[in-house]
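Enquirer: First, the structure itself, so that you have it in front of you.
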Amino acid sequence: MCSALRPIDQRRFGPFETSRQRKHRRARRARCAWVVSGHDGTRERSRPLDQPETRTCGSCTACCDGWLQIEVRGHAVRKGQPCPFSVAHRCSIYPERPQHPCREFVCGWLVRASPLPDWMRPDRSDMIMLPANFFWRGLPVDVVVPVGKQPKTKALDWLIKFCAEKRRPLVYQIGDDWFAFGPAAFREDIANRLARGEQPWEKENFT
């Protein structure tokens, strides 16, 4: 079910978009973030019964630490170059943080109805889950960006099992290599796109 892909840059927000396109994409992702398909074709929201209605970041600042390539108020955030507004595991401008990318960011662990267990918080599992980051043939595709070199084995194994059970395609990174999990056609499509030097998802998937 998995296949190695050619390394590509870690890109979270895709091509440049208008504010209206970003708003539409965010709303679509929110609707599809954790909608899962059962083997009988039914669709339902997935959330453990014992999970609180809301979660908080706590001391986790993985999304600000340079693992996602973003720009905050003109400051580039990259590997080895965390957000300058992240101080002592806290956002120093949180009440006034910009709409894009900060407020629009969707953390798969933090989002309401997330099925991810508590121990899979990004700073504990060494991975940032981006639910329904793009769409392939109408299916929401989850993307995992490592916090460090690679996600913890336990966390990645849990997620792959979850995606297999819920029939959710997955793209994840280990080191400099990208991998795809899902139907053979999905894996082939992603591999072909990367072989052509393209992003693994097309622009229209964000509109």
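Every number here is computed from the coordinates shown, using simple stated rules; none is lab data. Note that this is a predicted model, so its numbers are computed, not measured. Using ideal geometry, Cβ is built from the backbone for each residue, glycine included, and neighbour counts are taken over all protein chains shown.
Enquirer: Only four residue types carry charge here, +1 at the Cβ of Lys and Arg and -1 at the Cβ of Asp and Glu. Report the dipole size of the stretch 82-207 about the Cα centre in Debye, rounded to the nearest 20. Present the calculation step by step, with values, prior to reporting the outcome.
Expert: Values: 18 positive and 15 negative charges, 63 e Å.
Using Cβ point charges on Lys, Arg, Asp and Glu, the stretch 82-207 gives about 300 debye.
Enquirer: Taking 25 Å as R0, compute the FRET efficiency from the Cβ-Cβ separation of Lys149 and Gln99 and round it to 0.05. Could the numbers behind the result be given before it?
Expert: On the way: r = 32 Å, r/R0 = 1.26.
Using R0 = 25 Å, I get an efficiency of 0.20.
Enquirer: Give me Trp67, Trp136, Trp158, Trp119 sorted ascending by neighbouring Cβ count inside 10 Å, so fewest comes first. Could the numbers behind the result be given before it?
Expert: Details: Trp67 23, Trp136 20, Trp158 17, Trp119 12.
Ascending Cβ contact count within 10 Å gives the list Trp119, Trp158, Trp136, Trp67.
Enquirer: Full-extension gain between Ala184 and Thr56, please, as 0.36 nm times their residue separation minus the C-alpha to C-alpha distance.
Expert: Numbers: separation 128, 0.36 × 128 = 46.08 nm, distance 3.68 nm.
Gain in length upon complete extension: 42.4 nm.
Enquirer: Take peptides 89-95, 99-105 and line them up by average Cβ neighbours within 10 Å, highest first, as a rough protection proxy. Let's see the in-between values first.
Expert: Details: 89-95: 12.4, 99-105: 15.3.
Result, highest mean Cβ count within 10 Å first: 99-105, 89-95.
Enquirer: Here's another thing I want to ask about it. Per 0.36 nm of contour for each residue apart, how much would the distance between Arg73 and Val106 grow if the chain were fully extended, relative to their Cα-Cα spacing? Provide the component values of the computation, followed by the final result.
Expert: Details: separation 33, 0.36 × 33 = 11.88 nm, distance 1.87 nm.
The span from Arg73 to Val106 would gain 10.0 nm if fully extended.
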